[in-house]
Amino acid sequence: MTANDLAFLSLNEQAELIHRGELSPVTLVEAYLGRIERHDDSLKAFITIEAEAALAAAKAAEDEIQAGNYRSALHGIPFAVKDQILIKGVRVTGGSKVLSDHIGQRDATLIARLKKAGAILLGTLNTHEFHMGPTRDFPFGTPRNPWNLERATGGSSSGSAAAVAAGLCTFSLGGDTSGSIRGPAAYCGTVGLKATWSRVSRDGVFPLAWTLDCVGPLTRTSQDAALVLQVLAGHDPLDPTSSSVPVADYADGLTNNLEGIRVGVVKELMNEPETNVGVRVIVDDAIEVLRDLGAEIRKVQLPQMADSKYVTSPLVLPDAVQYHRPLLLENYEDYDVNTRVRLMIGAALPAGIIGQADRARIGFTRAALKAFEDVDVFVGAAAGEGAPPLTYSKRVTTKEEAVYGTFGAGAVAGHHSRLASLAGLPALSVPCGFDSNGMPLGLHVGGKYFDEATVLKVAHAYEIASGGLQKRPPLV
């Protein structure tokens, strides 16, 4: 098997080979480091690469496994993380010049859990500045989509999606406040999972919006996402919002039989103007696959979705201002101009607008939960189109453009993922085909609180029945 073939194996396939002694973690890490060296100059997926530390960790993992101390399915598996999560001794910048020399003084809880499971860190991944988006001047290079280098990755977990799609790591971690895992996953052709809010610890994670922020895995398959979530999930005393709800065995229920599963098709995620006609056709085909697998397909309407696009920014930006105020005052010129403008909008928002947004979110969540009473999961398009050209990234130069980007076009961009974000529900994007430009598309699958297992089951069954993407990005 070639190094390229190794790099595109699923986590589960790599884990089985490592466990049987047929694949060395050192060989696997070397394969990924070689691919990073060859391809990342054009992709700009990574910000910091920890090559020496990764090779040392791989050798230690190899020795442990040979001695009979196999820790978990993640033992010896290489991963990378969005540059917003603290790692001891590693530069963590938030994708900003403001923190370009910042070194983590400790491991975030998620990093500690992954290391304990035996996973091997390759480095940190590119992101929109402080995962706020949209960044126009990426200080560490503009991340590009491995399916077409002239198209966007989505954001803000840009490098997290590009690295997995391009075969630069087995899995990655991303952050999702309003679709920042699921959007890039859809654009780049990976699985991207946001668990229930509070299911995964946010200790040591640079914040954006306290009541919306989530962290989750980007992987090649839903089974891989289940294996990573198994390690990430669970109560953390260092995160005061962390839930103590028992953690399910996420991989245990993965089958290709959906008999008895009620799937709600959200009209507003399929028929809105933001959803391209070609995308609707492909997602409709994916839904028919679910029907063929035994799922009961039901129509769900949520008219409140139309107004939800105006709720997110008034919730997110004032929260961001509280974190960034001291940094912004001391490092004003080092912030990307778009980030500065968005922070100033957040600082200027009247309390009444913020309160209205909060009340609207509560009403929207109640309406969503009511609409989903009679279904087990809800589905729709993960994004309204395939990845757009990089030329869409226009530098904001006027107040009018800033306001429109925040409450107009920018608000519409996250439309398809906003439902799960505002309500705090688990959701993922799973690849379901390609658009007319050859760019990946995603099926969005969401579920009920703390029922990630059913979300993963539906996505896994779809993957098995559809055969997955069946091809690699052209750069490989």
Please find, within segment 330-347, the residue that is farthest from the chain's Cα centre (by Cα) out of those that are more than 17 Å from SER156 (Cβ to Cβ) and acidic (Asp, Glu). GLU330
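Please pick out the residue among VAL265, VAL289, VAL281, VAL316 that is at pLDDT 95 or above, closer than 25 Å to THR365 by Cα and assigned to a helix (DSSP H, G or I). Working first, answer last.
Numbers: VAL265 fails: assigned to a helix (DSSP H, G or I); VAL289 fails: closer than 25 Å to THR365 by Cα; VAL281 fails: closer than 25 Å to THR365 by Cα.
The unique qualifying residue is VAL316.
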Of the residues in segment 250-275, those that are surrounded by fewer than 19 Cβ atoms within 10 Å (Cβ to Cβ), in contact (Cβ under 8 Å) with a residue 12 or more places away in the chain and polar (S, T, N, Q) come to THR255, ASN256, ASN257
Scanning segment 282-300 residue by residue, the ones that are touching a helix residue (DSSP H, G or I) at 6+ places or on another chain (Cβ under 8 Å) and either surrounded by 14 or more Cβ atoms within 10 Å (Cβ to Cβ) or of a type in the set (A, V, I, L, M) (or both) total 7
Could you give every pair whose Cβ atoms fall below 7 Å, whose first residue belongs to segment 1-19 and is over 17 Å from PRO473 (Cα atoms), and whose second residue is polar (S, T, N, Q) and at pLDDT 95 or above, counting only separations of at least 6 or pairs across chains? LEU11/THR170; LEU11/THR219; ASN12/GLN223; GLN14/THR170
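Do we find a residue being in a strand (DSSP E or B), over 15 Å from the mean Cα position of the chain (by Cα), on the phi > 0 side of the Ramachandran plot and not polar (S, T, N, Q) anywhere in segment 445-457?
From segment 445-457, those in a strand (DSSP E or B) are 445-447; that's our starting set.
This time we only want the ones that are over 15 Å from the mean Cα position of the chain (by Cα), so: 447.
Narrowing the set further to residues that are on the phi > 0 side of the Ramachandran plot leaves none.
Looking for residues that are in a strand (DSSP E or B), over 15 Å from the mean Cα position of the chain (by Cα), on the phi > 0 side of the Ramachandran plot and not polar (S, T, N, Q), one finds none in segment 445-457, hence no.
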Let me spell it out: the conditions are (1) touching a residue at least 60 places away in the same chain (Cβ under 8 Å); (2) over 19 Å from GLY175 (Cβ atoms), and TYR70 meets all of them except one. Which number is the exception? (1)
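Can you find even one residue in segment 303-312 that is under 30 Å from MET270 (Cβ atoms), in contact with a strand residue (DSSP E or B) (Cβ under 8 Å, 6 or more places away or on another chain) and touching a residue at least 40 places away in the same chain (Cβ under 8 Å)? If you could, list the steps in order and put the result at the bottom.
First, the residues of segment 303-312 that are under 30 Å from MET270 (Cβ atoms): 303-312.
Still in the list and also in contact with a strand residue (DSSP E or B) (Cβ under 8 Å, 6 or more places away or on another chain): 305.
Adding the requirement that they be touching a residue at least 40 places away in the same chain (Cβ under 8 Å) leaves 305.
For segment 303-312, residues under 30 Å from MET270 (Cβ atoms), in contact with a strand residue (DSSP E or B) (Cβ under 8 Å, 6 or more places away or on another chain) and touching a residue at least 40 places away in the same chain (Cβ under 8 Å): present.
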Just wondering, is there one or more residues in segment 168-187 that are over 12 Å from the mean Cα position of the chain (by Cα), surrounded by 23 or more Cβ atoms within 10 Å (Cβ to Cβ) and under 28 Å from LEU328 (Cα atoms)? no
Report yes if some residue within segment 197-208 is under 25 Å from GLU274 (Cα atoms) and part of a loop (DSSP other than H, G, I, E, B); otherwise report no. no
If the Cβ limit is 6 Å and pairs must be 6+ apart or interchain, which residue in segment 276-300 that is more than 15 Å from GLY468 (Cα to Cα) and free of Cβ contacts under 8 Å to residues at least 60 places away in the same chain pairs with which residue that is acidic (Asp, Glu) and surrounded by fewer than 13 Cβ atoms within 10 Å (Cβ to Cβ)? GLY294/GLU259
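The values are calculated or read from the model by the stated rules, or taken from the named source; none is laboratory data. Treat the numbers as computed from the prediction; the structure is a model and nothing was measured. With ideal geometry, Cβ positions are generated from the backbone for all residues, glycine too; neighbour counts draw on all protein chains shown.
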